[in-house]
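Let me begin by presenting the structure, written as structure tokens, before commenting on it.
The values are calculated or read from the model by the stated rules, or taken from the named source; none is laboratory data. Here the structure is a predicted model, which is why all the values come from computation and not from measurement. In this analysis, Cβ positions are derived from the backbone assuming ideal geometry, glycine residues included, and neighbour counts consider all displayed protein chains.
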Amino acid sequence: MSDQITTLTDATFDEVVGSAEKPILVDFWAEWCGPCKTIAPILEELATEQSDKFVIGKLDVDANVATATKFSVMSIPTLLLFKDGEVVARLVGAKPKGALLQEISASL
Amino acid sequence: MNHHTEVLIIGSGPAGLTAAIYAARAQLSPVVIEGEPSSTTDQPGGQLMVTTEVENFPGFVDGVQGPDLMTSMRAQALRFGADLRVTKVHKLDLSQRPFRAWTSEDHEAPSFSADSVILATGARSLMLNVPGEDRLLSHGLSTCATCDGFFFRGQDIAVIGGGDSALEEALFLTRFARTVTVVHRRDELRASKIMQERSRAHDKIDFAWNTQVTDVLGHDRVSGLRVVDTVTGESRTLDVTGVFVAIGHVPNTSLVEGQLELDDNGYVITGPGTYTSVEGVFAAGDVQDHEYRQAITSAGSGAMAAIDAERWLETQGR
């Protein structure tokens with residue numbers, strides 16, 4: 001995994017998301033989720049290409065149920081975009097890169 | 001700017017990728033339009049990308065995961081030089097040769113021209129088309145047990161359908177759910193014997209026979225299903241917090257409607273072999289088959305389509 005992407009856990013989520021200087025896109029994913037694997041390389045590209053606009057974090061829902069539950073994640077991949085600690089966009093399901101970027105950009 | 005190819009393959013499930021392997025080995029330099037990422041079956045790799053264990057694909061003694069099988073087929077097609085493109089065909093013109101395909105709506109000029117086309121666009125899941133379904137999709141209603149089953153730990157959930165895919169989902173979901181009710185509108189299942197026996201023997205699985213869903217209930221997440229008994233007409237509520245839909249498939253033929261002959265069910269008519277009603281256009285896999293619909297039969301018809309295309313191209317003096 002790219003070192004541009006931060007791994008989040010139940011323990012670190014609030015601190016990392018709360019103190020992020022740029023908007024942070026959090027990928028709720030799991031090892032057993034096929035569509036999550038499909039978008040993983042897209043997110044790695046975005047992490048590099050869009051690093052001036054937003055940062056990306058990943059949260060494994062298997063190991064971090066509390067955070068997934070807190071944000072009512074019921075389908076993965078779910079991407080939540082946080083600005084100043086608040087959810088400003090919610091993208092559910094794998095999508096092509098262009099569509100993902102368009103939806104993210106619309107909420108930046 | 002348009003790319004010409006001898007063989008354009010549309011679709012990248014077992015049919016499309018097997019056709020690609022055969023056509024590439026036959027030095028036909030096929031281009032494969034794989035599709036785009038999604039969480040439905042409409043994605044590179046097709047329906048197997050949202051299944052788990054495939055136990056009946058020959059050669060895999062201990063079974064193989066659907067996505068792993070597709071990853072291997074893709075790698076095999078690449079090994080022989082198939083040109084795989086992660087995009088979708090938005091428009092296809094089969095009225096003149098070479099055939100033409102547009103992969104981006106922004107361009108007026110076609111992206112590809114092709115001497116022959118292998119259509120392997122597969123089939124997609126049918127939805128219930130009842131009130132509440134759209135609103136609650138991804139909020140307790142799902143078409144992908146392997147994607148979303150995890151979120152229903154300890155809950156009571158329903159699987160709608162009576163075929164192999166419904167029972168496969170039901171059995172998979174028993175890993176997480178407290179109970180799984182299979183809701184089926186008839187009093188017998190279409191599924192294979194082995195899947196029926198496994199489901200009936202499972203102590204978490206229950207069946208609601210002769211039961212049709214009329215509403216998915218819940219405001220911002222599923223709280224139940226409104227169902228009607230198809231024999232007595234009586235209506236009742238099933239208290240479930242998760243609903244998985246597996247009621248069958250429709251072929252993906254929107255690209256060829258009005259261009260290829262389709263049967264009464266909307267599937268592409270093929271024969272002899274994989275020949276369609278337009279010379280030079282071949283069809284393989286679930287887009288032309290509602291009888292067998294297996295990974296292995298799809299792959300088999302993909303091989304047939306590549307061989308048919310190769311021989312047809314030879315008759316055209318290629």
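The residue that is surrounded by the fewest Cβ atoms within 10 Å (Cβ to Cβ), counting only those in segment B:226-254 that are part of a loop (DSSP other than H, G, I, E, B) and modelled with pLDDT under 95, is B:248.
Quick one: in segment A:77-99, of everything that is in contact with a helix residue (DSSP H, G or I) (Cβ under 6 Å, 6 or more places away or on another chain) and not small (Gly, Ala, Ser), which residue is farthest from residue A:50 (Cα to Cα)? Per the criteria, the residue is A:77. Residues in segment B:9-63 that are assigned to a loop (DSSP other than H, G, I, E, B) and either away from chain A (no Cβ under 14 Å) or of a type in the set (Asp, Glu) (or both): 18 in all.
Does segment B:62-77 contain any residue that is surrounded by 15 or more Cβ atoms within 10 Å (Cβ to Cβ) and at positive phi? Within segment B:62-77 (the criterion being surrounded by 15 or more Cβ atoms within 10 Å (Cβ to Cβ) and at positive phi), the answer is no, since none of the residues qualifies. Quick one: in segment B:113-155, which of the residues that are away from chain A (no Cβ under 14 Å) and acidic (Asp, Glu) is surrounded by the most Cβ atoms within 10 Å (Cβ to Cβ)? Restricting to residues being away from chain A (no Cβ under 14 Å) and acidic (Asp, Glu), the top hit is B:115.
Conditions (1) in contact with a Pro (Cβ under 9 Å, 6 or more places away or on another chain); (2) more than 14 Å from chain A (Cβ to nearest Cβ); (3) closer than 27 Å to residue B:122 by Cβ, marked per residue:
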{"position": "B:205", "(1), (2), (3)": "no, yes, no"}
{"position": "B:215", "(1), (2), (3)": "yes, yes, no"}
{"position": "B:234", "(1), (2), (3)": "no, yes, no"}
{"position": "B:259", "(1), (2), (3)": "no, yes, yes"}
{"position": "B:262", "(1), (2), (3)": "yes, yes, yes"}
{"position": "B:265", "(1), (2), (3)": "yes, yes, yes"}
{"position": "B:277", "(1), (2), (3)": "no, yes, yes"}
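Residue B:257 passes every criterion in (1) crowded, with 16+ Cβ neighbours inside 10 Å; (2) in contact with a Gly (Cβ under 9 Å, 6 or more places away or on another chain) apart from (1). Here residue B:75 does not fit the description of being at pLDDT 95 or above, closer than 30 Å to residue B:279 by Cβ and either within 14 Å of another protein chain (Cβ to nearest Cβ) or not in a loop (DSSP other than H, G, I, E, B) (or both). May I ask you to list the residues in segment A:27-47 that are charged (D, E, K, R) and either without any contact (Cβ under 8 Å) to a residue 40 or more places away in the chain or part of a loop (DSSP other than H, G, I, E, B) (or both)? Residues satisfying the conditions are A:31, A:37.
Any residue at all in segment A:59-70 that's in a strand (DSSP E or B) and either closer than 24 Å to residue A:108 by Cα or among the charged types (D, E, K, R) (or both)?
Yes, segment A:59-70 contains at least one residue that is in a strand (DSSP E or B) and either closer than 24 Å to residue A:108 by Cα or among the charged types (D, E, K, R) (or both).
Here's the yes/no breakdown for (1) part of a strand (DSSP E or B); (2) within 11 Å of the chain's Cα centre (by Cα); (3) away from chain B (no Cβ under 12 Å):
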| position | (1), (2), (3) |
| --- | --- |
| A:14 | no, no, yes |
| A:21 | no, no, yes |
| A:25 | yes, yes, yes |
| A:75 | no, no, no |
| A:88 | yes, no, yes |
